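Comments concern the structure below.
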Amino acid sequence: MTPRAAFAAAAASARERVRYPGELLGSAAFLAILVFALGRVWLAVERAGRMPEGWSVSSLVLYLVVAEVVIMAPGAIHLRVASDVRSGDLAVQLLRPMSWVAWELARALGGAAARVAFLATVGVTLAWALHGLPRLDAPSVIVGALVLVPAAILMETTVRLALGVLAFWTEDANAFAWIWSKLCLVLGGVLMPIELYPPWLQAIARVLPFEAELRGPARAIARGDVTEAWAAGARLLAWLVLVTIGLILLHSRASRSVQLNGG
């Protein structure tokens, strides 16, 4: 698949998201509810004098916004892929003389770009209006916004594509996607930083992909530690490579299965 074709697929997907904004508005409403509800929780924690060290209400809310934008950006691509599996469309696409993975990834990233622009604007604006913004470190914000967040979205998109391909054997990707999303919430430290977890759970979270994908970018922007930002980037890159290899292997096995069974 040529870069020009990939860009065309991404641009078409982005335009589709803008042309039919219902999904964007629904995601934005959900994000707004989270920002408002958890912001109130952290205000109560602050009044009780139990704020985690080094954090403020504004930094925790911004942390939540960044993590949720990463999670929401890819959309339900796994459901579309699973639907193509059940209908037989995926089997046809796998036999075409072009990379199905690259095509779907380009489409997903185009849609993700539209979601990120909209959700980040809504989330950051609401966080600023309700709680203000923390003191930001420009180098960390640049690394986080231009390197870590795009890499994290690419990783989340790749994972959801792989979950969709699993439906080739299981016929349903919902269970896998549900498990992954809940692990992201807990072990990725989305609802609260993992520094608040018991030491044994922190140790587990730090060696799994969820922390690298979600906590790393969110902490880099909300806390402003550029050294930690680059360390998070290294962990994220390692997991992104592993996840990409996994998707390639699943795609290869699905293609062979289609060929052996005559489509």
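Take the residues in region 108-144 that are touching a Gly at 6+ places or on another chain (Cβ under 6 Å) and of a type outside the set (A, V, I, L, M, F, W, C), then tell me which one is farthest from ALA8 (Cα to Cα).
For region 108-144, the residue satisfying everything is HIS131.
Conditions (1) over 23 Å from ARG107 (Cβ atoms); (2) under 23 Å from the mean Cα position of the chain (by Cα); (3) not aliphatic (A, V, I, L, M), marked per residue:
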site	(1), (2), (3)
TYR20	no, yes, yes
LEU24	no, yes, no
ALA32	yes, yes, no
ALA44	yes, no, no
ARG47	yes, no, yes
ARG50	yes, no, yes
SER58	yes, yes, yes
LEU64	yes, yes, no
ALA67	yes, yes, no
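Looking only at region 8-22, count every residue that is surrounded by fewer than 17 Cβ atoms within 10 Å (Cβ to Cβ) and part of a helix (DSSP H, G or I) and tell me the total.
8
Given LEU126, LEU133, LEU154, LEU161, which one is among the aliphatic types (A, V, I, L, M), surrounded by fewer than 23 Cβ atoms within 10 Å (Cβ to Cβ), within 18 Å of LEU247 (Cβ to Cβ) and touching a residue at least 24 places away in the same chain (Cβ under 8 Å)?
None of the others qualify; the one that does is LEU154.
Just a yes or no: is a residue in region 189-205 under 17 Å from the mean Cα position of the chain (by Cα), part of a helix (DSSP H, G or I) and not small (Gly, Ala, Ser)?
Among the residues of region 189-205, not one is under 17 Å from the mean Cα position of the chain (by Cα), part of a helix (DSSP H, G or I) and not small (Gly, Ala, Ser), which makes the answer no.
Let me confirm something: among GLY49, GLY54, which residue is in a loop (DSSP other than H, G, I, E, B), loosely packed, with under 14 Cβ neighbours inside 10 Å and touching a residue at least 12 places away in the same chain (Cβ under 8 Å)?
Among GLY49, GLY54, only GLY54 is in a loop (DSSP other than H, G, I, E, B), loosely packed, with under 14 Cβ neighbours inside 10 Å and touching a residue at least 12 places away in the same chain (Cβ under 8 Å).
Which one is modelled with the lowest pLDDT among residues in region 161-188 that are among the small types (Gly, Ala, Ser) and not in a loop (DSSP other than H, G, I, E, B)?
Checked region 161-188; the qualifying residue modelled with the lowest pLDDT is ALA167.
The values are calculated or read from the model by the stated rules, or taken from the named source; none is laboratory data. Please read all numbers here as calculations on a predicted model, not as lab measurements. Glycine also receives a Cβ, built like all others from the backbone with ideal geometry; neighbour counts cover every protein chain displayed.
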